[in-house]
1. Given the conditions (1) under 12 Å from the mean Cα position of the chain (by Cα); (2) assigned to a helix (DSSP H, G or I); (3) within 15 Å of T98 (Cβ to Cβ), report the number of the one that I204 does not fulfil.
2. When you scan region 157-164, do you find a residue that is under 17 Å from the mean Cα position of the chain (by Cα) and open to solvent by less than 40 Å² (accessible area, probe 1.4 Å), even just one?
3. Looking at region 209-258 only, could you name the residues that are farther than 30 Å from N47 by Cβ and not acidic (D, E)?
4. How about region 86-137: which of its residues are within 12 Å of I158 (Cβ to Cβ), at pLDDT 90 or above and small (G, A, S)?
5. Six or more apart or on different chains, Cβ under 7 Å: which pairs go from a residue in region 220-238 that's closer than 17 Å to E278 by Cα to one that's part of a loop (DSSP other than H, G, I, E, B) and open to solvent by 10 Å² or more (accessible area, probe 1.4 Å)? Could you list them?
6. Which residue out of L279, L235, L268 is over 15 Å from the mean Cα position of the chain (by Cα) and open to solvent by less than 20 Å² (accessible area, probe 1.4 Å)?
7. Here are D207, D228: which of them is closer than 16 Å to A180 by Cα, surrounded by 22 or more Cβ atoms within 10 Å (Cβ to Cβ) and out of contact with any Gly (no Cβ under 6 Å at 6 or more places or on another chain)?
8. Looking only at region 101-119, which residues are crowded, with 21+ Cβ neighbours inside 10 Å and either part of a loop (DSSP other than H, G, I, E, B) or out of contact with any Asp or Glu (no Cβ under 6 Å at 6 or more places or on another chain) (or both)?
Amino acid sequence: MRSVKKVASVFVAAGVAIGLALSASPQEPAQQQQQPPSIRSQVNLVNLFATVRDKSKHVVTDLKQEDFKVLEDGQPQQIAFFSKEVALPITLAMLLDTSGSEQNMLPAIQEAGSRFLERVVRKGDEALIMSFDSNVDLLSDFTDDRGQLDRAIRKTRINAASGGNINPGPVPTAGSVGTAFYDAIYLACNEKLSTEAGRKAIVIVTDAQDEGSKVRLEEAVEVAQRTDAVVHIILVYDPHYGANSGVAHKITEETGGRTLVANSEKHLAEAFDQISEELRSQYTLGYYPSNAAHDGKFRKVKIEMANHDFRVLARKGYYAPRE
């Protein structure tokens, strides 16, 4: 089993560089994820992963290419690749908030998270587990070993600092810098998901409160967009601490994910089930953009449905490559 690694933040005058500090034990070679050639080899192909629901919020699974229309910066695009790809591998990062505000719900989060991974991780998929409070910890690197993932989830502890010290809650105090929510997203994307191909998703269980991250909200959203990672947030919070639903919705809406509120064990399990259903009920649409400029700029993408009663969930744009 891979050893537990500590995620460290390294800041330099010219900007922010966040890296992974590995433990002293040898690291196993990273598993190579196999992806279909249509996803990996077409470097100029823009891939969109879309989930469609009807007016009753049921997932629609029998659509054809002609049911979709793709626009980039308002200009119609020709769809070059389309499939209902339930078997396309998923690369998943699960981020669990272990600040003091999650004290009462952590056991339920562990149970529901473990069941979710057992259901969603299949052959060819990989997942990693991170926890975050005043620190960000990588508890399991990418693996398809569900036993290892389950053990990693159950290692999570409230405000468990390195060396066994306990920081007193999510609000900055002596010896603590708060809850590094944005840093956790940045690390998951920049250090882990950026080198992966195909479908990439982040599932975060949190109250979306950030206290002390070194990166800003906008930077966290941008790195997720550049990584083509869809972020889903399950909003779990103690009424005493509250939640930042506005931040949660901004992150998920900008990356093509969903925000689900779950303040009971039942609702938590239902939220994980909804995300699992969406991850396994996506359409893949690919197109070669009519704007071929490699200018590094953000391009707005919109998917329209022939049936206007349907609602599509997909990312809202991407960053063009640079020369």
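1. Condition not satisfied by I204: (2).
2. no
3. Q209, G212, K214, V236, Y237, P239, H240, Y241, G242, A243, N244
4. The answer is S99, S131, S134.
5. V230/R315; H232/R258
6. After applying the criteria, what remains is L268.
7. Criteria check complete, one pass: D207.
8. Answer for region 101-119, where residues must be crowded, with 21+ Cβ neighbours inside 10 Å and either part of a loop (DSSP other than H, G, I, E, B) or out of contact with any Asp or Glu (no Cβ under 6 Å at 6 or more places or on another chain) (or both): E102, M105, I109, A112, G113, F116, L117.
The values are calculated or read from the model by the stated rules, or taken from the named source; none is laboratory data. The shown structure was predicted, so the numbers you read here are calculated from the model rather than taken from an experiment. We place every Cβ from the backbone using ideal geometry, glycine too, and count neighbours over all the protein chains shown. We work out accessible area using only protein heavy atoms, side chains counted, and drop any ligands, DNA or RNA first. Shrake-Rupley method; radii C 1.70, N 1.55, O 1.52, S 1.80 Å.
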